[in-house]
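> Next up is a structure, given as structure tokens.
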Amino acid sequence: MTPSIYDIPLRRINGEDVTLGAYRGKVLLLVNVASACGLTPQYEGLEKLYQDKQADGLVVAGFPANEFGAQEPGSNEEIAEFCTSKFAIKFPMFEKIVVKGQGLHPLYQRLIEEQPQAQEKPDSDFRAKLAGYGIKQDNPTDVLWNFEKFLVSKEGKVVGRFAPDTTTDDALLKDAIERELQA
């Protein structure tokens with residue numbers, strides 16, 4: 001039997017061994033993040049969302065990854081310092097992991113298995129912008145870029161996946177989060 005998403009071993013950015021089990025019964029928004037990306041300002045919206053919805057049962061969790069343009073080159077300590085000093089991040093941050101390709105972390109393997117395609121905004125040109133830089137998805141189920149978002153229900157099921165350019169104020173994401181919080 002496949003272990004629950006709550007049982008997959010993880011490490012907080014400070015090195016502490018944990019699982020997502022501490023968040024059982026909460027709605028989770030899991031995001032692969034990067035410090036040197038054009039989308040890095042999304043940290044601000046993610047923190048605001050966390051502050052606004054934490055009392056309602058939402059947990060935002062950041063997973064630094066360096067697979068996209070080497071835009072997260074720092075150590076866990078450097079990433080933690082960046083997040084705290086630049087964006088006052090209080091939501092849980094985890095150690096840098098692999099979210100695409102060789103060495104894919106078991107958490108992301110599970111997320112992708114349960115939700116193989118990301119929803120994109122109808123007017124999104126993000127994929128075309130990446131293509132303009134010669135960047136394309138090798139496998140259609142791969143995480144496309146930094147700041148792709150996975151929404152996990154209170155029961156631990158992956159119920160949504162959102163393209164990197166879907167921000168926290170986009171109705172597509174906001175509505176999905178509200179549905180899960182009210183479920």
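The values are calculated or read from the model by the stated rules, or taken from the named source; none is laboratory data. Quantities reported herein were computed from a predicted structural model and do not represent experimental measurements. Heads up, the Cβs are rebuilt from the backbone with ideal geometry, glycines too, and the neighbour counts pull from every protein chain shown.
> Q51: more than 20 Å from P9 (Cβ to Cβ), in a helix (DSSP H, G or I) and under 17 Å from the mean Cα position of the chain (by Cα), yes or no? Show your work before the answer.
On the way: more than 20 Å from P9 (Cβ to Cβ): yes; in a helix (DSSP H, G or I): yes; under 17 Å from the mean Cα position of the chain (by Cα): yes.
In short, yes.
Okay, residues lined up against (1) in a loop (DSSP other than H, G, I, E, B); (2) loosely packed, with under 14 Cβ neighbours inside 10 Å:
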site	(1), (2)
T2	yes, yes
L28	no, no
S35	yes, no
L39	yes, no
G45	no, no
A70	yes, yes
F82	no, no
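> Is it the case that Y6 is outside any loop (DSSP other than H, G, I, E, B), surrounded by 19 or more Cβ atoms within 10 Å (Cβ to Cβ) and either among the hydroxyl-bearing types (S, T, Y) or modelled with pLDDT under 95 (or both)?
Values: outside any loop (DSSP other than H, G, I, E, B): yes; surrounded by 19 or more Cβ atoms within 10 Å (Cβ to Cβ): no; either among the hydroxyl-bearing types (S, T, Y) or modelled with pLDDT under 95 (or both): yes.
Considered against the rule, which asks whether it is outside any loop (DSSP other than H, G, I, E, B), surrounded by 19 or more Cβ atoms within 10 Å (Cβ to Cβ) and either among the hydroxyl-bearing types (S, T, Y) or modelled with pLDDT under 95 (or both), Y6 comes out as no.
> Next question, about the same structure. Between residues in segment 75-86 that are not aliphatic (A, V, I, L, M) and residues that are not in a helix (DSSP H, G or I), which pairs lie under 7 Å by C-beta distance while being six or more apart or on different chains?
From residues that are not aliphatic (A, V, I, L, M), the pairs are N76/I13; N76/E95; N76/K96; F82/S35; F82/G74; C83/I89; C83/M93.
Rundown of residues vs (1) of a type outside the set (V, I, T); (2) within 18 Å of L173 (Cα to Cα); (3) at pLDDT 95 or above, yes/no style:
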position: L20; (1), (2), (3): yes, no, yes
position: V27; (1), (2), (3): no, yes, yes
position: E44; (1), (2), (3): yes, yes, yes
position: D52; (1), (2), (3): yes, yes, yes
position: E78; (1), (2), (3): yes, no, yes
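> For the structure I just gave you, tell me whether K129 is among the basic types (K, R), at pLDDT below 95, assigned to a loop (DSSP other than H, G, I, E, B) and under 20 Å from V33 (Cα atoms). Break it down stepwise before answering.
Details: among the basic types (K, R): yes; at pLDDT below 95: yes; assigned to a loop (DSSP other than H, G, I, E, B): no; under 20 Å from V33 (Cα atoms): yes.
Criteria not met by K129.
> Does V59 meet the test of being touching a helix residue (DSSP H, G or I) at 6+ places or on another chain (Cβ under 7 Å), part of a strand (DSSP E or B) and surrounded by fewer than 20 Cβ atoms within 10 Å (Cβ to Cβ)? Spell out the reasoning first.
Values: touching a helix residue (DSSP H, G or I) at 6+ places or on another chain (Cβ under 7 Å): yes; part of a strand (DSSP E or B): yes; surrounded by fewer than 20 Cβ atoms within 10 Å (Cβ to Cβ): yes.
Yes: the conditions hold for V59.
> Between a first residue in segment 144-173 that is closer than 17 Å to S35 by Cα and a second residue that is assigned to a loop (DSSP other than H, G, I, E, B) and of a type in the set (F, W, Y), which pairs have beta carbons less than 7 Å apart while being 6 or more apart in sequence or on different chains?
W145/F68; N146/F68; P164/W145; P164/F147
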